[in-house]
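Here the structure comes first, spelled out in structure tokens, and everything after it is commentary.
Bear in mind that the values in this text are calculations on the coordinates, not laboratory data. Here the structure is a predicted model, which means the values were calculated and not measured. Note that we place each Cβ from the backbone using ideal geometry, even for glycine, and neighbour counts take in every protein chain shown.
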Amino acid sequence: MLGAKITNEQLIQIAAVDAGLDPFGEYCTKGMFKAAGYRVKSGEKPALVVALWCPRQSKGSATDTAEPQQDAETPGLFFQLKTCHLFTREQAVKVEDLEAEKLSKKFKKQRAAELKAAIMPAGIAPDQDYIIPRWCKRKTGTPIDVAVERVQQAGFRVEDSNGLYQLLLAM
């Protein structure tokens, strides 16, 4: 079997079988996902690490400046095995979804700051019915029922002290 050529697809299938994965699954590098509008989730480890054939241009070739002929092989071009880290589709997320999630976190953080600004000037007095979070608890603070009005004026949809308590716990 001398001279037999093995393709990158075959190398990936062999590595997938050895790793116990689907040999016909879609495995891509970070660059391939980026070109397709995806991004590998942070903290994800590659599903496969495989040496694949990559085209290379030889350095200092005297024929680099000459026009390559149609029939002949490209002068100075050779293939070299390069270690590639491959990821599955489940390990990637669309860039648009990632941006939407980032905006959502930014909005949530902004709303939390607005809530703190509404509560912090006087704080909330300790109550027997509620375990007030430490960041807003003050001995001389206003009762939680009065704090509801302040929070409503700040633009939050809170109907009663139970709603405010749930909002405080959610932060």
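For a footprinting-style exposure proxy, rank 146, 93 by other Cβ within 10 Å, fewest first. Present the calculation step by step, with values, prior to reporting the outcome.
Values: 146 13, 93 17.
Least to most surrounded, the residues fall as 146, 93.
Whole-Hz Karplus ³J(HN,Hα) for region 36-47, in order, using 6.51 cos²θ - 1.76 cosθ + 1.60 and θ = phi - 60°, x for Gly and Pro?
Each residue's phi maps through the Karplus curve to give 8, x, 10, 9, 5, 4, 5, x, 7, 8, x, 5 Hz.
Using Cβ contacts closer than 10 Å as the measure, can you line up 95, 17, 50 from fewest to most?
Numbers: 95 14, 17 11, 50 21.
Ordered by Cβ neighbours within 10 Å, fewest first: 17, 95, 50.
Pop the C-beta distance of residue 100 and residue 4 into the FRET formula with R0 = 35 Å and round what comes out to the nearest 0.05. Can you show the working numbers first?
Values: r = 49 Å, r/R0 = 1.39.
E(calc), rounded to 0.05, equals 0.10.
Counting only C-alpha contacts under 8 Å and six or more residues apart, can you give the relative contact order of the chain as a whole percent? Don't skip to the answer; put the middle values down first.
Working: 187 pairs, mean separation 29.8, N = 171.
Relative CO of the chain lands at 17 percent.
Beyond 22 Å between alpha-carbons counts as too far, so tell me which of 109/137; 41/105; 105/139; 34/59; 30/102 fall in that bin. Write out the running numbers ahead of the final one.
Details: 109/137 20 Å; 41/105 16 Å; 105/139 32 Å; 34/59 28 Å; 30/102 20 Å.
Among 109/137; 41/105; 105/139; 34/59; 30/102, the Cα-Cα distance tops 22 Å for 105/139; 34/59.
How many nm separate the modelled label positions at residue 17 and residue 131, each set 7 Å beyond the Cα in the direction of the Cβ?
Between residue 17 and residue 131, the simple spin-label model gives 5.7 nm.
Using each residue's phi in region 5-10, evaluate 6.51 cos²θ - 1.76 cosθ + 1.60 at θ = phi - 60° and report the 3J(HN,Hα) Karplus result to the nearest Hz, with x for Gly and Pro.
9, 10, 8, 4, 4, 5
In debye, nearest 20, what is the charge dipole magnitude of the chain about its Cα centre with +1 on Lys and Arg Cβ and -1 on Asp and Glu Cβ, if you could check?
Value, rounded to 20: 900 debye.
Tell me, what is the percent relative contact order of region 80-140, built from C-alpha pairs under 8 Å that lie six or more residues apart?
23 percent
Based on the Cβ-Cβ distance of residue 170 and residue 36, what FRET efficiency does E = 1/(1 + (r/R0)^6) give at R0 = 41 Å, to the nearest 0.05?
Numbers: r = 36 Å, r/R0 = 0.89.
So, using R0 = 41 Å, E works out to roughly 0.70.
Going by alpha carbons, how many degrees (0 to 90, nearest 10) lie between the helix axis of 95-119 and the longest principal axis of the chain?
With rounding to tens, the tilt is 20 degrees.
I need 161, 58, 42 ordered by Cβ neighbour count within 10 Å, fewest first. If you can, show how the numbers build up before the last one.
Details: 161 18, 58 11, 42 7.
Lowest to highest Cβ neighbour count: 42, 58, 161.
Step through the residues of region 143-156 one at a time and calculate ³J(HN,Hα) from phi using the Karplus curve (6.51 cos²θ - 1.76 cosθ + 1.60, θ = phi - 60°), rounding each to whole Hz and writing x for Gly and Pro.
Rounded to whole hertz, the list is x, 4, 5, 6, 5, 4, 4, 4, 5, 5, 5, 7, x, 9.
Working from Cα positions, state the angle (0 to 90°, nearest 10) between the long axis of helix 161-170 and the longest principal axis of the chain.
With rounding to tens, the tilt is 30 degrees.
Which lysines, on any chain, are close to residue 108 with Cα under 16 Å apart, when same-chain ones fewer than 8 places away are left out?
The reachable lysines, counting only those whose Cα sits under 16 Å from residue 108, are 116.
Quick one, which of (1) 38, 19, 10; (2) 63, 20, 12; (3) 24, 21, 14 is the actual semi-axes √(5λ) of the Cα gyration tensor in Å calculated for this model?
Structure-derived value, by its label: (2).
I want the local charge near residue 122. Using Cβ-Cβ distances under 9 Å, sum +1 for each Lys or Arg and -1 for each Asp or Glu among the other residues. Don't skip to the answer; put the middle values down first.
Values: positive: 138, 150; negative: none.
Charge balance in the 9 Å sphere: +2.
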